[in-house]
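Notes for the one structure printed next.
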Amino acid sequence: MADTHSKPFPIGTLAPSFTLLNPLTNTLQSLEDYRGERATVIVFMCNHCPFVIHINKMMIAMANEYINEGVAFIAISSNDVVNYPQDSPQLMAQLAQKEQFPFPYLYDESQEVALAYNAACTPDFYVFNNCMEATYHGQFDDSRPRNQLPVTGGDLKDAIERVLGQRLPSKNQKPSIGCNIKWKQS
């Protein structure tokens, strides 16, 4: 598995709008449908990435913890499902149901949303304030499948707490590291 780092997404950038398929409900849903009252977390992820699988349980727990505080989580898969069928919408729906995701898991078939966010890897986290201005882009925490560090979600949690406490974004925003987004061949 090759390690890919997230690309820059400047603090203060407005969240690009989108409308994507939710395979679980088979409906189109938009950012506006799910944005949080106080903060919104967007994560680019996929079913099969070992970096995502490594943090899934803690990410779900964190989303459940923050829902009642006006923080919304939105997951997006942008992978090419022709060459990576394990990330198909049908299997996305199965994973969302099995793991009881407390957030929508949307399918970016055109990959335009991943491009708009300059997403590069899975997982790739973005935090936005209530005005939908970026306050964080980076990693969940320092844990990786091979490094034996505990999964804490510390970096993402700090970013969310800064928004909720109306504090300035951290100057120390570590890029996420994960599998590269599986881009379609032109």
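Read-outs: derived from the displayed coordinates by stated rules, not from any lab. These numbers come from a predicted model, not from an experiment. Backbone-built Cβ (ideal geometry, glycine too); neighbour counts: all protein chains shown.
Before moving on, here are some points about what is shown:
- Residue in the range 75-83 that is buried (at least 22 other Cβ atoms within 10 Å of the Cβ) and farther than 16 Å from L106 by Cα present: no
- Those residues of the range 78-96 which are in contact (Cβ under 8 Å) with a residue 40 or more places away in the chain and not polar (S, T, N, Q), in sequence order: D80, V82, Y84, D87, P89, L91, M92, A93, L95, A96
- Search result, residues across the range 109-151 that are closer than 21 Å to P89 by Cα and of a type in the set (V, I, T): V113, T122
- Within the range 1-70, strands (runs of 3 or more DSSP E) holding 2 or more residues that are surrounded by fewer than 16 Cβ atoms within 10 Å (Cβ to Cβ), out of contact with any Pro (no Cβ under 8 Å at 6 or more places or on another chain) and among the hydroxyl-bearing types (S, T, Y): 27-30
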